[in-house]
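Undergrad: My structure is below; once you've seen it, I'll send some questions.
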Amino acid sequence: MAYFIDYVCFLKKNNNNFPFLKQGIGILLCDKQTDGGFLVHHFLSFYLKGGCKVCFLGLQQSFNHYNLVAQKLGVNLSAAKEKGQLVFFEGLRAALDILLDDKPDSTLQASSPLQFLSSPTASLRSLYEFVCTSLTETSETTWKFPVLIIDDLSVLLSLGVSTENILNFMQYCRATLCSKLQGNIVVLVHDTEDLGDDENDVVVKSLCYISDLILHAEALATGHCKDIHGQLKITHRTLSPTKTEKNVTDIFQYKIQDKNVAFFARGTSSAVL
């Protein structure tokens, strides 16, 4: 959470708006030739501390991993789960349970949000229904607004889900979360444009088109630097066809520390001065 405060102060200092507090928006996190996982932890801790109801689809790591990182940022995920603020879906464990279940048409496969694993061509309806149930069965006076966080969407492609089913799932989630419930969606996907992964490229480009805000973490073009770990492009998009504003992109550099991430304008780090 500390690095989020650093980032907020940086935006205010540079007369920029802080868009993450807005409701009804879709936020896309991309990483290219670097690990953008720190952004996921960043948003998870931010929304939990902000009093939002969060449904977290952890497809990449175990709950213990996220919990250990969250504790460094001042958030206890176990406590958030117990009080009903956080609904955590551990995709790795759920996928393993289904793949090891040799009973056809078992209760486990029928009830799991990942039941599509038994039929890769199936839609993600069960996963969508899980998200809706997790975020709608809450008193409106308890939490500020619902938030869906997915880490990361590229895993579904690795599991054999088609791009069509993934994009349909995201469109349904956006219609329900952002439009109907005035909540937010945060999703991480890997940018593999240079690797020739056509299916992943379609997902990334399609999500860019429907996202209000895009945070793109990438490695430095000049190579490894111990004092600068990468740069972050933040694009504020105008989705309404009636508006004439152009998309605005800000570029920052960052350094990941143990309990903090320092943001600074390009060329202003002490490492390059």
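The values are calculated or read from the model by the stated rules, or taken from the named source; none is laboratory data. All of these numbers come straight from a predicted model, not from anything done at the bench. Heads up, the Cβs are rebuilt from the backbone with ideal geometry, glycines too, and the neighbour counts pull from every protein chain shown.
Undergrad: With Leu177, Leu148, Leu156, Leu135 as the choices, which residue is modelled with pLDDT of 80 or more, outside any helix (DSSP H, G or I) and surrounded by 19 or more Cβ atoms within 10 Å (Cβ to Cβ)?
TA: Testing whether each residue is modelled with pLDDT of 80 or more, outside any helix (DSSP H, G or I) and surrounded by 19 or more Cβ atoms within 10 Å (Cβ to Cβ) leaves just Leu148.
Undergrad: Does the range 91-114 contain any residue that is at pLDDT 70 or above, hydrophobic (A, V, I, L, M, F, W, C), under 27 Å from Asn200 (Cα atoms) and within 16 Å of the chain's Cα centre (by Cα)?
TA: No, the range 91-114 contains no residue that is at pLDDT 70 or above, hydrophobic (A, V, I, L, M, F, W, C), under 27 Å from Asn200 (Cα atoms) and within 16 Å of the chain's Cα centre (by Cα).
Undergrad: Which residue out of Leu124, Leu86, Leu57 is modelled with pLDDT of 95 or more, in contact with a Pro (Cβ under 9 Å, 6 or more places away or on another chain) and of a type in the set (A, V, I, L, M, F, W, C)?
TA: It is Leu57.
Residue-by-condition table, conditions (1) without any contact (Cβ under 8 Å) to a residue 60 or more places away in the chain; (2) of a type in the set (S, T, N, Q); (3) touching a helix residue (DSSP H, G or I) at 6+ places or on another chain (Cβ under 7 Å); (4) closer than 17 Å to Val40 by Cβ:
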position: Thr121; (1), (2), (3), (4): yes, yes, no, no
position: Leu124; (1), (2), (3), (4): yes, no, yes, no
position: Cys132; (1), (2), (3), (4): yes, no, yes, no
position: Lys144; (1), (2), (3), (4): no, no, no, no
position: Val147; (1), (2), (3), (4): no, no, yes, yes
position: Leu157; (1), (2), (3), (4): yes, no, yes, no
position: Lys180; (1), (2), (3), (4): yes, no, no, no
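Per-residue answers, yes or no, for (1) part of a strand (DSSP E or B); (2) of a type outside the set (A, V, I, L, M, F, W, C):
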site	(1), (2)
Ile27	yes, no
Phe43	no, no
Tyr47	no, yes
Leu57	yes, no
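Undergrad: Now a separate question. Check Leu167, Leu207, Leu215 and return the single one that is touching a strand residue (DSSP E or B) at 6+ places or on another chain (Cβ under 7 Å), part of a helix (DSSP H, G or I) and either under 16 Å from Ile251 (Cβ atoms) or at pLDDT 90 or above (or both).
TA: On inspection, the qualifying residue turns out to be Leu207.
Undergrad: Being in a helix (DSSP H, G or I) and of a type in the set (Gly, Ala, Ser) is the filter here; which residues of the range 29-41 pass it?
TA: Gly37 - this is the single residue of the range 29-41 that is in a helix (DSSP H, G or I) and of a type in the set (Gly, Ala, Ser).
Undergrad: For Phe46, state whether it is under 22 Å from Leu124 (Cβ atoms) and surrounded by 15 or more Cβ atoms within 10 Å (Cβ to Cβ).
TA: Here the answer is no, as Phe46 does not meet what is asked.
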